[in-house]
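Laboratory data are not the source of any read-out in this text; all were calculated from the coordinates shown. Every value quoted in this text rests on a predicted model; they were computed, and no experiment measured them.
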């Protein structure tokens with residue numbers, strides 16, 4: 001991939017990623033507003049707007065960001081499975097995209113209720129709490145992905161190490177087959193955070 005095309009794809013990917021973060025931030029603001037506002041019209045407007053933002057803006061942006069990131073990785077020396085930061089960033093994006101499709105269902109349900117009547121009852125309140133929690137967690141995950149992309153911490157995967165070895169490249173800071181400590185910490189924190197969010201989102205369903 002030539003320099004001009006690489007920069008064009010990078011600009012596109014960064015723009016899509018920033019738009020994704022901004023849309024999720026707006027979604028979070030509306031979720032908090034719907035959870036805390038008193039006027040009926042404000043609450044109903046919040047969830048109708050969230051449904052629109054979720055399906056018309058967030059979903060297209062997250063899918064486009066994922067695809068543009070894959071194209072960029074395939075067309076540059078970074079590759080998709082050679083460097084740990086690329087693998088983890090891709091994993092975060094894929095997981096967020098999958099979870100988004102699942103957790104937008106409560107938004108659709110609340111929007112349908114808001115279009116017809118008041119949002120009342122413990123079950124609907126739990127959905128309101130879930131949306132706010134999920135949106136806040138998504139913001140944190142997206143910022144983690146941005147951090148990986150900016151700092152590009154050292155560490156190659158086993159596949160990447162084999163390619164470097166085959167090409168005659170050596171790097172003492174990236175031992176063959178050794179997983180960097182930061183990768184292990186990142187994965188542990190990510191798994192614990194995901195479990196915490198799932199627990200918080202599902203706890204109220206048993207009330």
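Dimensions of region 1-83 based on its C-alpha atoms, expressed as ranges along the principal axes with the largest first, amount to 55, 23, 14 Å. Note on region 54-106: Cα convex hull, mean projected area over all directions, 3.5 nm². Taking every alpha-carbon pair under 8 Å whose residues sit at least 6 apart, the chain reaches a relative contact order of 25 percent. Could you estimate the translational diffusion coefficient of region 78-133 from the Stokes-Einstein equation, with Rh from the Kirkwood formula over C-alpha pairs, at 4 °C and 1.567 mPa s, in whole µm²/s? My calculation gives 96 µm²/s for D. Separation of region 117-159 and region 77-107, taken as the distance between their Cα centroids, equals 11 angstrom. Once the Cα atoms are used to define both axes, helix 3-36 deviates from the longest principal axis of the chain by about 30 degrees. Note on region 3-206: Kirkwood radius taken over Cα pairs, Stokes-Einstein applied at 25 °C and 0.890 mPa s, translational D equal to 131 µm² s⁻¹.
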